[in-house]
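Just so it is clear, none of the values below were taken in a lab; they were calculated from the coordinates. These numbers were taken from a predicted model, which means no experiment stands behind them. Note that each Cβ is placed from the backbone with ideal geometry, even for glycine, and that neighbours are counted across all protein chains shown.
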Amino acid sequence: MEKIINIHIEKLPEGVYLATSEDMPGLVAQGRTAIESLEIARDVARKLMEARAERRSDLKLSPLGDSFDYPLIVSI
């Protein structure tokens, strides 16, 4: 089951990146790079979804459609 979760990435003054989501309360991830924080956020989102499924508490997340936009982060 693939769902779309909007993530907000913010670079903190300390130089690390913080990922949060209004779509999924409780999702907070921090990494040294934007990519690392996104990878951690994906793992946190899975765990939160599993915990909600066990409690039968569903989130109103958009299903993955046939077409969508996705920002690609590439480091050089």
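In the elastic network of the chain, a GNM with C-alpha springs shorter than 10 Å, the most mobile of A41, A19, A53 is A53. The translational diffusion coefficient of the chain, from Stokes-Einstein at 20 °C and 1.002 mPa s with a Kirkwood hydrodynamic radius over alpha carbon pairs, comes to 160 µm²/s. Other residues within the sphere of radius under 12 Å centred on the Cβ of I73, judged by their own Cβ, net out at -2 (K and R +1, D and E -1).
Of all lysines in the structure, the ones whose alpha carbon falls short of 17 Å from that of K47, not counting any fewer than 8 places away in one chain, are K3, K60.
In loop segments of the chain as defined by DSSP, the trypsin sites (Lys or Arg not before Pro) with at most 15 further C-beta atoms inside 10 Å of their C-beta are R32, R55, R56, K60.
Tell me the net charge near D58. Cut-off is 12 Å between Cβ atoms, D58 excluded, with +1 for each Lys or Arg and -1 for each Asp or Glu.
Overall, the nearby charge balance is +4.
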